[in-house]
1. What are the residues in region 43-80 that are touching a helix residue (DSSP H, G or I) at 6+ places or on another chain (Cβ under 7 Å) and of a type outside the set (Ser, Thr, Tyr), if any?
2. Got a number for residues in region 18-40 being acidic (Asp, Glu) and exposed (fewer than 10 other Cβ atoms within 10 Å of the Cβ)?
3. Out of 98, 63, 46, 15, which single residue is of a type in the set (D, E, K, R), in a helix (DSSP H, G or I) and surrounded by 12 or more Cβ atoms within 10 Å (Cβ to Cβ)?
4. Of the conditions (1) out of contact with any His (no Cβ under 8 Å at 6 or more places or on another chain); (2) not hydrophobic (A, V, I, L, M, F, W, C); (3) not in a helix (DSSP H, G or I), residue 10 fails just one. Which one is it?
5. Would you pick out the residues in region 66-84 that are over 24 Å from residue 13 (Cα atoms) and surrounded by 10 or more Cβ atoms within 10 Å (Cβ to Cβ)?
6. With (1) closer than 30 Å to residue 99 by Cβ; (2) aromatic (Phe, Trp, Tyr); (3) touching a helix residue (DSSP H, G or I) at 6+ places or on another chain (Cβ under 6 Å) as the list, and residue 26 as the residue in question, which single condition is left unmet?
7. Residue check, residue 36 against (1) touching a strand residue (DSSP E or B) at 6+ places or on another chain (Cβ under 9 Å); (2) of a type in the set (Lys, Arg); (3) within 23 Å of residue 7 (Cβ to Cβ), all met but one. Which one?
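Just so it is clear, none of the values below were taken in a lab; they were calculated from the coordinates. What you see is a predicted model; the values in this text were computed from it and never measured. Quick reminder, even Gly has a Cβ in these numbers, built from the backbone with ideal geometry, and neighbours come from all protein chains shown.
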Amino acid sequence: MRGLLSPFISFLFSKSLSTGCFPQEFKEAVVRPLLKKSGLDANELKDYRPVSHLPYLSKLLEKVVQVWIQTYFDSNGLMPKMQSAYRHFHSTETAVTKVFNDLLIAADVVQMSA
């Protein structure tokens with residue numbers, strides 16, 4: 001089944017990217033209320049948050065564009081060296097480790113000058 005749809009999806013994505021047109025159908029989300037936490041009052045509107053469900057092809061095209069942009073940025077050295085978000089093998093742990101290291105270095109500098 002996957003092999004049957006791939007050429008059509010590829011054509012649709014290529015056409016969308018080459019023309020700069022994002023299909024209107026891809027922009028339409030179904031918004032459903034979802035309780036923020038289990039145990040909250042289901043009769044209280046303030047206890048809900050809206051959750052948008054976008055079409056699968058919309059999310060797939062978004063991922064294709066994200067990978068292309070990321071590849072372009074990485075291959076041209078356009079991402080800041082310490083950028084953690086949106087990068088492979090980088091995480092909040094990477095960012096926290098950098099901040100912690102900077103704090104230790106600053107503490108050493110202060111201690112040496114005292």
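1. Here is the first cut: in region 43-80, the ones touching a helix residue (DSSP H, G or I) at 6+ places or on another chain (Cβ under 7 Å) are 55, 57-58, 61, 64, 79.
Matches in region 43-80: 55, 57, 61, 64, 79.
2. Residues of region 18-40 that are acidic (Asp, Glu), as a first pass: 25, 28.
Add one more test, that the residue is exposed (fewer than 10 other Cβ atoms within 10 Å of the Cβ), and what stays is 25.
Adding up the residues that qualify gives 1.
3. Values: 63 fails: surrounded by 12 or more Cβ atoms within 10 Å (Cβ to Cβ); 46 fails: surrounded by 12 or more Cβ atoms within 10 Å (Cβ to Cβ); 15 fails: surrounded by 12 or more Cβ atoms within 10 Å (Cβ to Cβ).
Selected residue: 98, the only one of 98, 63, 46, 15 that is of a type in the set (D, E, K, R), in a helix (DSSP H, G or I) and surrounded by 12 or more Cβ atoms within 10 Å (Cβ to Cβ).
4. (3)
5. The answer is 78, 79, 82, 83, 84.
6. (1)
7. Exception for residue 36: condition (3).
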